[in-house]
1. So which aspartates and glutamates can K112 reach, going by Cα to Cα under 14 Å and dropping same-chain residues fewer than 8 places off?
2. Share of the chain's accessible area from carbon and sulfur, percent, 1.4 Å?
3. Hey, what did the chain get for relative contact order, percent, Cα under 8 Å, at least 6 apart?
4. Output ³J(HN,Hα) for segment 107-117: one whole-Hz value per residue in order, computed from phi by the Karplus curve 6.51 cos²θ - 1.76 cosθ + 1.60 with θ = phi - 60°, and x for Gly and Pro.
5. Calculate for the chain the 222 nm mean residue ellipticity that helices alone would give, adding -39,500 (n - 2.57) per DSSP H run of length 4 or more and normalising by residue count, nearest 500 deg cm²/dmol.
Amino acid sequence: MNAEPRVIRIVLVNGEDYPLWNSTVTYFQGLIEKGSTINLKSHLDEKRTFTLKVKEMEPEKKLVWGDAMGKRTFLLKPEGKGTLFKMTETIGGPFFPFFARMIPEFDESFEKFVGDLEREVSKHK
(Lines give C-alpha, C1' and ligand atoms only; values in the text may rest on other atoms or scores of the structure.)
Protein backbone atom coordinates (compact mmCIF):
# COMPACT_ATOMS: atom_id res chain seq x y z
CA MET A 1 0.00 0.00 0.00
CA ASN A 2 1.37 3.38 -0.92
CA ALA A 3 1.32 4.93 2.58
CA GLU A 4 3.22 4.80 5.84
CA PRO A 5 1.97 2.41 8.57
CA ARG A 6 1.08 5.47 10.70
CA VAL A 7 -1.40 6.72 8.10
CA ILE A 8 -3.02 3.30 7.62
CA ARG A 9 -3.31 2.88 11.40
CA ILE A 10 -5.15 6.22 11.70
CA VAL A 11 -7.80 4.97 9.26
CA LEU A 12 -8.01 1.46 10.77
CA VAL A 13 -8.63 2.66 14.34
CA ASN A 14 -11.27 5.24 13.45
CA GLY A 15 -14.19 2.83 13.61
CA GLU A 16 -16.95 5.43 13.51
CA ASP A 17 -15.91 6.26 9.94
CA TYR A 18 -15.96 2.63 8.71
CA PRO A 19 -19.47 2.87 7.20
CA LEU A 20 -18.41 6.04 5.35
CA TRP A 21 -15.44 4.54 3.48
CA ASN A 22 -15.74 0.76 3.93
CA SER A 23 -18.31 -0.72 1.54
CA THR A 24 -18.32 -4.00 3.50
CA VAL A 25 -19.54 -2.44 6.79
CA THR A 26 -23.02 -0.98 7.26
CA TYR A 27 -22.83 -0.17 11.00
CA PHE A 28 -20.04 0.34 13.52
CA GLN A 29 -20.12 1.20 17.22
CA GLY A 30 -17.32 1.33 19.78
CA LEU A 31 -13.71 2.36 20.15
CA ILE A 32 -10.91 0.42 18.54
CA GLU A 33 -8.51 0.15 21.44
CA LYS A 34 -7.10 -2.89 23.24
CA GLY A 35 -9.66 -4.54 25.53
CA SER A 36 -12.66 -2.64 24.18
CA THR A 37 -15.76 -4.13 22.59
CA ILE A 38 -16.96 -3.13 19.14
CA ASN A 39 -20.20 -3.91 17.32
CA LEU A 40 -20.48 -4.02 13.57
CA LYS A 41 -22.79 -5.14 10.82
CA SER A 42 -21.46 -6.38 7.51
CA HIS A 43 -22.95 -6.82 4.05
CA LEU A 44 -22.04 -10.50 4.42
CA ASP A 45 -24.88 -10.88 6.97
CA GLU A 46 -26.81 -7.62 7.39
CA LYS A 47 -29.19 -9.11 9.98
CA ARG A 48 -26.41 -9.99 12.40
CA THR A 49 -24.53 -7.63 14.68
CA PHE A 50 -21.03 -8.93 15.35
CA THR A 51 -19.88 -8.20 18.90
CA LEU A 52 -16.11 -8.34 18.90
CA LYS A 53 -13.34 -7.66 21.38
CA VAL A 54 -10.17 -5.82 20.40
CA LYS A 55 -7.66 -8.48 21.46
CA GLU A 56 -4.33 -7.03 20.36
CA MET A 57 -3.09 -3.65 19.30
CA GLU A 58 0.48 -2.77 18.44
CA PRO A 59 0.47 0.74 16.97
CA GLU A 60 1.51 0.78 13.34
CA LYS A 61 2.12 -3.01 13.37
CA LYS A 62 -0.86 -5.15 14.36
CA LEU A 63 -4.56 -5.03 15.18
CA VAL A 64 -6.62 -8.10 16.14
CA TRP A 65 -10.31 -8.28 16.95
CA GLY A 66 -12.64 -11.21 17.29
CA ASP A 67 -14.94 -13.35 19.36
CA ALA A 68 -14.89 -16.89 20.76
CA MET A 69 -15.20 -18.38 17.27
CA GLY A 70 -12.61 -16.42 15.38
CA LYS A 71 -10.45 -13.40 14.87
CA ARG A 72 -9.46 -10.91 12.19
CA THR A 73 -5.85 -9.82 12.10
CA PHE A 74 -4.49 -6.73 10.37
CA LEU A 75 -0.70 -6.59 9.92
CA LEU A 76 1.31 -3.56 8.81
CA LYS A 77 4.97 -3.80 7.83
CA PRO A 78 7.02 -0.96 6.33
CA GLU A 79 8.14 -1.82 2.82
CA GLY A 80 10.14 0.66 0.79
CA LYS A 81 8.18 3.92 0.72
CA GLY A 82 4.94 2.14 1.53
CA THR A 83 3.47 -0.58 3.70
CA LEU A 84 2.82 -4.27 3.25
CA PHE A 85 -0.77 -4.71 4.48
CA LYS A 86 -2.09 -8.16 5.30
CA MET A 87 -5.53 -9.09 6.61
CA THR A 88 -6.49 -12.61 7.68
CA GLU A 89 -9.56 -14.22 9.19
CA THR A 90 -9.23 -17.28 11.42
CA ILE A 91 -12.40 -19.16 12.34
CA GLY A 92 -12.64 -22.25 14.50
CA GLY A 93 -13.52 -23.59 17.90
CA PRO A 94 -15.26 -26.73 19.11
CA PHE A 95 -18.62 -25.87 17.53
CA PHE A 96 -17.21 -24.77 14.17
CA PRO A 97 -18.21 -27.96 12.30
CA PHE A 98 -21.88 -27.29 13.15
CA PHE A 99 -22.03 -23.88 11.49
CA ALA A 100 -19.15 -23.97 8.97
CA ARG A 101 -21.47 -24.33 5.97
CA MET A 102 -23.30 -21.12 6.97
CA ILE A 103 -20.16 -18.96 6.76
CA PRO A 104 -19.96 -16.99 3.51
CA GLU A 105 -16.81 -16.69 1.43
CA PHE A 106 -14.62 -13.77 2.49
CA ASP A 107 -12.53 -13.32 -0.68
CA GLU A 108 -14.71 -10.71 -2.37
CA SER A 109 -15.32 -8.88 0.90
CA PHE A 110 -11.58 -8.79 1.65
CA GLU A 111 -10.84 -7.42 -1.83
CA LYS A 112 -13.43 -4.68 -1.36
CA PHE A 113 -12.08 -3.84 2.10
CA VAL A 114 -8.50 -3.50 0.83
CA GLY A 115 -9.59 -1.38 -2.16
CA ASP A 116 -11.70 0.85 0.09
CA LEU A 117 -8.84 1.15 2.59
CA GLU A 118 -6.39 2.15 -0.14
CA ARG A 119 -8.75 4.87 -1.39
CA GLU A 120 -9.36 6.19 2.13
CA VAL A 121 -5.67 6.14 3.07
CA SER A 122 -4.81 8.13 -0.08
CA LYS A 123 -6.99 10.98 1.29
CA HIS A 124 -4.96 11.16 4.52
CA LYS A 125 -1.43 11.52 3.15
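The values are calculated or read from the model by the stated rules, or taken from the named source; none is laboratory data. What you are looking at is a predicted structure, and each value in this text was computed from that prediction instead of being measured. Heavy atoms of the whole protein, side chains included, go into the accessibility calculation; ligands, DNA and RNA do not. Shrake-Rupley method; radii C 1.70, N 1.55, O 1.52, S 1.80 Å.
1. The reachable aspartates and glutamates, counting only those whose Cα sits under 14 Å from K112, are E120.
2. Numbers: 4080 of 7830 Å².
Looking at the chain in its full context, I get 52 percent from C and S.
3. Working: 218 pairs, mean separation 31.9, N = 125.
Relative contact order for the chain comes out at 26 percent.
4. Computed from phi, the couplings for segment 107-117 are 3, 5, 4, 5, 4, 5, 4, 5, x, 4, 4 Hz.
5. On the way: 4 runs with 33 residues, N = 125.
Only helices count here, giving -7000 deg cm²/dmol.
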